[in-house]
Amino acid sequence: MVIAIDGPAGSGKGTVTELLAKDLNFTKIDTGAMYRAITWEVIQKKVSLENIEKIKEILCDSKIEFQKESVFLNQREITNEIRTKEVSNLVSQVSHIPEVRNAMVELQRKMGKNANVIMEGRDIGTNVFPNAEVKIYLDASPEERARRRYEQNLEKGISTTYEEVLENVKFRDYNDKTSNVGPLKIAEDAVIVDSTNLTIEEVVETIKKIVEKKVKKENAKC
Ligand code: DC
């Protein structure tokens, strides 16, 4: 079974996916981390984004794996490395390169074949797994997403103003939704879960009920 969780940055996809995967005993796949891993390798190898031949080589030579909360590229753990500012600043451009996108989508489909996976991203229910059994579009207002990010920044000692964070959230939303490759869209058959006024636990419970309902429906078919 494939559970697709799509939604904008800061909607809580990461945390919700992690908790749900543990609860349901599904494999969690963070597709953003896959784009980040390729971006990290591009930076390591100092490859220009115009050099498509070199990028193709990187794609062929890169083995991305997940083990619990850790991400590996060619057996090297890069869990923290892919969260640096350097990677964050470049990943959007890298994820727009058609060759990168095609390779990642193919890999994601392989990972989800004949497996119980919960996959989070932007285009999972619309493009990667249009036939996913469960599709969730996790949303929250830009103001609430900015508030969450602002508080995370404070905890990490990163100095920003709420207004700056809100501006950035709106900018990313615009880019994600108007992107010409893998844009963030709501699949027609997705269930929209708005987490603006919900706790993480409430979101997890809501999605669990949607999954249980789906499983019951599938079983009733036999
Ligand atoms: O969710 P994130 O911030 O880790 O995602 C990193 C980047 O990858 C971000 O620019 C959006 C992009 N992305 C994408 O284009 N498609 C996905 N399925 C997941 C992420």
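The values are calculated or read from the model by the stated rules, or taken from the named source; none is laboratory data. As the structure is a computational prediction, the values presented were derived from the model and not from experiment. Glycine gets a Cβ as well: all are built from the backbone with ideal geometry, and neighbour counts include every protein chain shown. Just the protein is used for accessible areas: all its heavy atoms, side chains included, with ligands, DNA and RNA removed. Shrake-Rupley method; radii C 1.70, N 1.55, O 1.52, S 1.80 Å.
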Selection within the range 174-201 - under 15 Å from the mean Cα position of the chain (by Cα), part of a loop (DSSP other than H, G, I, E, B) and either within 15 Å of ALA140 (Cβ to Cβ) or small (Gly, Ala, Ser) (or both): GLY182, LEU184, ILE186
Residue among GLU50, GLU77, GLU57 that is in contact with a Ser or Thr (Cβ under 6 Å, 6 or more places away or on another chain) and open to solvent by 70 Å² or more (accessible area, probe 1.4 Å): GLU77
Residues that are outside any helix (DSSP H, G or I), within 29 Å of GLU151 (Cα to Cα) and not charged (D, E, K, R), drawn from the range 28-53: ILE29
Output for the range 157-208, where each listed residue is among the acidic types (Asp, Glu), out of contact with any strand residue (DSSP E or B) (no Cβ under 9 Å at 6 or more places or on another chain) and either closer than 18 Å to LEU19 by Cα or surrounded by 12 or more Cβ atoms within 10 Å (Cβ to Cβ) (or both): GLU164, GLU167, ASP173, ASP176, GLU201, GLU202, GLU205
Restricting the range 9-31 to residues that are modelled with pLDDT under 95 and within 11 Å of the ligand (Cβ to nearest atom), the residue that is nearest to VAL71 (Cα to Cα): GLY14
Cβ-Cβ under 7 Å pairs, at least 6 apart or on other chains, the range 74-92 side more than 24 Å from ASN180 (Cβ to Cβ) and free of Cβ contacts under 8 Å to residues at least 40 places away in the same chain, far side within 12 Å of the ligand (Cβ to nearest atom) and outside any helix (DSSP H, G or I): THR79/VAL71
Identity of the residue in the range 105-125, crowded, with 23+ Cβ neighbours inside 10 Å and in a helix (DSSP H, G or I), that ends up farthest from the ligand (Cβ to nearest atom): GLY125
Only listed residue being open to solvent by 30 Å² or more (accessible area, probe 1.4 Å), of a type in the set (Phe, Trp, Tyr), within 16 Å of the chain's Cα centre (by Cα) and closer than 27 Å to THR178 by Cβ, chosen from PHE129, PHE66: PHE129
Which listed residue, of ARG101, ARG148, is touching a Gly at 6+ places or on another chain (Cβ under 8 Å), within 11 Å of the ligand (Cβ to nearest atom) and assigned to a helix (DSSP H, G or I): ARG101
First in the range 168-182 and within 8 Å of the ligand (Cβ to nearest atom), second anywhere and modelled with pLDDT under 85, Cβ under 6 Å, 6 or more apart: none
Every pair of residues 6+ apart whose Cβ atoms lie under 7 Å, when the first sits in the range 34-59 and is farther than 12 Å from LEU73 by Cα while the second is open to solvent by 50 Å² or more (accessible area, probe 1.4 Å) and in a helix (DSSP H, G or I): ILE43/GLU86; VAL47/LYS54; LEU49/GLN93; ILE52/GLU99; ILE55/GLU99; LYS56/GLU99
Subset of the range 126-145 [away from the ligand (no atom under 16 Å from the Cβ) and either of a type in the set (A, V, I, L, M, F, W, C) or on the phi > 0 side of the Ramachandran plot (or both)]: VAL134
